[in-house]
Amino acid sequence: LEHPPVKRRPSIVLLPGGTANMNAGDVGISGKLMPALRRLIRWSEGTARAHPDIQDRCLMRVETGGVVRYGMFLGAGAVIQGTEYAHREIHARGLRNDLSVAIGTGRTLWGILRNDPRFRRSVAVGLRLDGCSEQIEYETLLLAISSLHRLFFGIRPFWGTGAGQLRLTLIENDCTRFLRTFLSILRGRPNENAVPQAGYVSHNADEIHRTLSSSLNLDGEIIHANGKVGVKASASLRFLRL
């Protein structure tokens, strides 16, 4: 990705070998690992009837503290608290995939609604999009940036306009009518309260600069990156969905 060795990058097939498998569910092979691997083998041998669905998608190039990482989902705020709870209470008990995601999401939402400090801790975030000189400051409850079109369970929590390849949604800590609005966002149909004046922000961009006082979740990995973080869209890659 930094120094491609060939002019034409090979096509990519993502296999569901992780915990939540959100990336594979959107641009790879969904389901469990072994059936997905068998589908890939049948297709590569020419014995599968299905034709691949070709998806051109970028990655996020995330730079912080002089270190560059790539991924397809970046979260902060309640995303971190939910991830920490999942690692501590769910994954440690051997639960994986959709069940663990459902339990972790439900527990995080319940904690936010009850103002539980383990799940509802505001994070100071400054955002600057696509070369804009002005940085806007937010006291943030939840922040998500992704090059995916769908997240876990097929949700589409991004409703911003514009041609940017990276989708950003931010919910402020003092947002109004949280439960009703958040559920409408998860359904992919933001209601009339999902507006900046009520604490709900969504944009599309190709370059995002931010400062924050929190750790990050990059594709499930916790990164301790307090300070400046730069996020850019990579060159488009070719994914095959089987």
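Can you tell me which of L141, L127 is more than 27 Å from P16 (Cβ to Cβ), outside any loop (DSSP other than H, G, I, E, B), among the aliphatic types (A, V, I, L, M) and out of contact with any Gly (no Cβ under 6 Å at 6 or more places or on another chain)?
From the options L141, L127, the qualifying one is L127.
Which is at pLDDT 90 or above, farther than 18 Å from Q135 by Cβ, outside any strand (DSSP E or B) and open to solvent by 30 Å² or more (accessible area, probe 1.4 Å), of R167, R189, R238? Before you say what the answer is, go through the steps one by one.
Values: R167 fails: outside any strand (DSSP E or B); R238 fails: outside any strand (DSSP E or B).
Selected residue: R189, the only one of R167, R189, R238 that is at pLDDT 90 or above, farther than 18 Å from Q135 by Cβ, outside any strand (DSSP E or B) and open to solvent by 30 Å² or more (accessible area, probe 1.4 Å).
When the residues of segment 109-127 are filtered to those that are open to solvent by less than 70 Å² (accessible area, probe 1.4 Å) and in contact with a strand residue (DSSP E or B) (Cβ under 9 Å, 6 or more places away or on another chain), which remaining residue is nearest to R180 (Cα to Cα)? Break it down into steps so the answer makes sense when it comes.
Filtering segment 109-127 down to residues open to solvent by less than 70 Å² (accessible area, probe 1.4 Å) leaves 109, 111-112, 116, 119-120, 122-127.
Still in the list and also in contact with a strand residue (DSSP E or B) (Cβ under 9 Å, 6 or more places away or on another chain): 112, 120, 122-127.
On the way: I112: 13, R120: 17, S122: 20, V123: 22, A124: 24, V125: 24, G126: 26, L127: 26 Å.
Here the answer is I112.
Is there a residue being among the acidic types (D, E) and touching a residue at least 40 places away in the same chain (Cβ under 8 Å) anywhere in segment 40-48?
No, segment 40-48 contains no residue that is among the acidic types (D, E) and touching a residue at least 40 places away in the same chain (Cβ under 8 Å).
Among (1) under 19 Å from the mean Cα position of the chain (by Cα); (2) under 30 Å from G126 (Cα atoms); (3) not hydroxyl-bearing (S, T, Y); (4) not in a helix (DSSP H, G or I), there is one condition L1 misses while meeting the rest; what is its number?
Unmet for L1, out of (1) under 19 Å from the mean Cα position of the chain (by Cα); (2) under 30 Å from G126 (Cα atoms); (3) not hydroxyl-bearing (S, T, Y); (4) not in a helix (DSSP H, G or I): (1).
Can you name the residue in segment 192-219 that is within 24 Å of F152 (Cβ to Cβ) and either of a type in the set (D, E, K, R) or touching a helix residue (DSSP H, G or I) at 6+ places or on another chain (Cβ under 7 Å) (or both) and, of all such residues, is modelled with the lowest pLDDT?
Result: S214.
Against the definition (assigned to a helix (DSSP H, G or I), surrounded by fewer than 18 Cβ atoms within 10 Å (Cβ to Cβ) and within 17 Å of the chain's Cα centre (by Cα)), how does D98 come out, yes or no?
Spelling it out, D98 is indeed assigned to a helix (DSSP H, G or I), surrounded by fewer than 18 Cβ atoms within 10 Å (Cβ to Cβ) and within 17 Å of the chain's Cα centre (by Cα).
Just checking: which of the strands (runs of 3 or more DSSP E) contained wholly in segment 12-88 hold 3 or more residues that are closer than 23 Å to V231 by Cβ and among the small types (G, A, S)?
73-77
Can you name every residue in segment 220-234 that is open to solvent by 10 Å² or more (accessible area, probe 1.4 Å), part of a loop (DSSP other than H, G, I, E, B) and modelled with pLDDT under 90?
Selection gives G220, H224, N226.
Determine the pairs where a residue that is on the phi > 0 side of the Ramachandran plot and buried (at least 22 other Cβ atoms within 10 Å of the Cβ), located within segment 60-84, has a partner that is among the polar types (S, T, N, Q) and not in a helix (DSSP H, G or I) with Cβ atoms under 8 Å apart, the partner being 6 or more residues away or on another chain.
G77/S122; G77/T140; G77/S214
Quick grid of which residues meet (1) closer than 26 Å to G65 by Cα; (2) touching a residue at least 60 places away in the same chain (Cβ under 8 Å):
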| site | (1), (2) |
| --- | --- |
| R177 | no, no |
| P196 | no, no |
| N217 | yes, yes |
| I223 | yes, yes |
| A235 | yes, yes |
| R241 | no, yes |
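The values are calculated or read from the model by the stated rules, or taken from the named source; none is laboratory data. Treat the numbers as computed from the prediction; the structure is a model and nothing was measured. In this analysis, Cβ positions are derived from the backbone assuming ideal geometry, glycine residues included, and neighbour counts consider all displayed protein chains. Remember, those area values only see protein heavy atoms, side chains included, never the ligands or the DNA or RNA. Shrake-Rupley method; radii C 1.70, N 1.55, O 1.52, S 1.80 Å.
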